[in-house]
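To start, the structure itself, in structure tokens.
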Amino acid sequence: MNPTLGVLISGRGTNLQSILNAVAEGALRARVGIVVSNASGAPGLARAKEAGVPTMVIDHGSFPSREDFDRAVIDVLKRHDVDLVCLAGFMRLLSPVFVRAFPGRILNIHPSLLPAFPGLYAQRQALQYGVKVSGCTVHLVDEELDHGSIVAQTAVPVLEGDSVESLSARILVQEHLLYPEAIAKVLERLSA
Ligand code: GRF
């Protein structure tokens with residue numbers, strides 16, 4: 001049977017969409033078993049529903065601690081037999097409790113060439129620094145923010161006169177190509 005992905009989102013979900021598309025097209029031999037959002041208003045939830053994928057909103061605000069929230073998410077992912085967790089614009093820091101629940105089985109996509117510009121506003125950081133090349137990175141998640149072994153990267157030029165919006169849009173096009181490919185690569189390694 002195809003491996004099961006659990007996708008965690010907080011917002012618009014265009015990377016989720018690229019994963020759903022790759023699955024539908026048969027380019028990614030996996031199924032998305034569950035989409036979890038910490039925000040009830042995340043537009044990405046509608047993308048999951050449209051694709052017939054179950055969704056769950058787990059509001060981080062209703063838990064006394066990060067670990068309690070993480071345990072609730074872990075529970076949902078385990079109940080859906082998730083083999084690989086894909087963070088796709090998920091805006092919560094994961095605690096060691098979460099990372100240890102899925103060792104080597106959590107991926108994140110970040111809009112810079114890590115280790116440059118981790119954290120929020122990576123595209124703005126790149127523009128402010130003045131780099132001429134930026135890009136996107138898919139990496140395994142460890143206990144540090146935007147850290148962990150790099151699975152795949154794509155470089156994107158920073159052009160004269162770029163704004164945060166124009167650079168972000170150029171990077172996003174590449175994110176949508178990179179993430180499904182990187183997921184396929186990791187699934188292959190996990191099944192070997
Ligand atoms: C992407 O730029 C991703 O790299 C970052 O958050 C953004 C999410 O966008 N981690 P979307 O919700 O997938 O459209």
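The values are calculated or read from the model by the stated rules, or taken from the named source; none is laboratory data. Here the structure is a predicted model, which means the values were calculated and not measured. Note: ideal-geometry Cβ built from the backbone for every residue, glycine included; neighbour counts use all protein chains shown. The protein model used for the area step is the full one, side chains on, heavy atoms only, and it has no ligands, DNA or RNA in it. Shrake-Rupley method; radii C 1.70, N 1.55, O 1.52, S 1.80 Å.
Report the GluC sites (Glu not before Pro) located in segment 48-151 that are in a DSSP loop and have at most 10 other Cβ atoms inside 10 Å of their Cβ, or state none.
Those satisfying the criteria are GLU144.
The local environment of PRO115, defined by Cβ-Cβ distances under 13 Å, has a net charge of -3 under the rule Lys, Arg +1 and Asp, Glu -1. Here LYS185 is the anchor, and the lysines within straight C-alpha reach of less than 25 Å, apart from those fewer than 8 places off in the same chain, are LYS78. For SER134, the residues whose amide H sits under 5 Å from its own are VAL156, VAL158, ignoring neighbours fewer than 5 places away on the same chain, with H placed 1.01 Å from N. Averaging 1/r across all pairs of distinct Cα atoms in segment 4-191 and inverting the result yields a Kirkwood radius of 16.7 Å. Here the Karplus curve 6.51 cos²θ - 1.76 cosθ + 1.60, taken at θ = phi - 60°, turns the phi angles of segment 86-100 into couplings of 10, 7, 9, x, 8, 9, 10, 6, 8, 7, x, 4, 5, 4, 6 Hz, with x standing for Gly and Pro.
What you get for segment 10-111, charging only the Cβ of Lys and Arg (+1) and of Asp and Glu (-1), is a dipole of about 120 debye around the Cα centre. If you take all other residues with their beta carbon under 14 Å from the beta carbon of GLY11, and give Lys and Arg +1 and Asp and Glu -1, the sum is +2.
Among GLY89, GLY119, GLY148, the largest mean-square fluctuation in a Gaussian network model of the chain (Cα springs under 10 Å) belongs to GLY119. The charge dipole of segment 132-192, taken about its Cα centre with unit charges on the Cβ atoms of Lys, Arg (+1), Asp and Glu (-1) only, comes to about 260 debye. Segment 135-174 and segment 1-38 have Cα centres lying 19 Å from one another. So, with a 1.4 angstrom probe, what is the percent of accessible area on the chain that is carbon and sulfur? C and S fraction of accessible area: 53 percent. Of PRO111, LEU178, VAL156, whose Cα points farthest to the positive end of the dipole of the chain (charges on the beta-carbon: +1 Lys, Arg; -1 Asp, Glu; origin at the Cα centre)? The listed residue farthest towards the positive side: LEU178. Both radii are taken from the alpha-carbon atoms of segment 151-191; with Rh as the Kirkwood radius, Rg/Rh is 1.15. A full extension of the chain between ILE150 and SER166 corresponds to an added length of 3.2 nm, given 0.36 nm per residue minus the alpha carbon distance.
Sites count as exposed loop sites when they are trypsin sites (Lys or Arg not before Pro), lie in a DSSP loop, and have at most 15 other Cβ atoms within 10 angstrom; the longest stretch of the chain without one is 30-131. How much net charge surrounds ASP81 when only other residues with a Cβ under 15 Å from its Cβ are counted (Lys, Arg +1; Asp, Glu -1)? Residues near ASP81 contribute +2 overall.
About its Cα centre, what dipole magnitude does the chain give when the only charges are +1 on Lys and Arg Cβ and -1 on Asp and Glu Cβ, stated in debye to the nearest 20?
About 260 debye.
In this structure the amide hydrogen of MET91, modeled in the peptide plane, comes within under 5 Å of the amide hydrogens of SER10, none closer than 5 places in sequence on its chain.
If you restrict to DSSP beta bridges whose two residues both lie in the chain, what percentage is antiparallel, to the nearest 5? Antiparallel bridges: around 40 percent, rounded to the nearest 5. Rolling a 1.4 Å probe over the protein heavy atoms gives segment 4-191 an accessible area of 48 Å² per residue.
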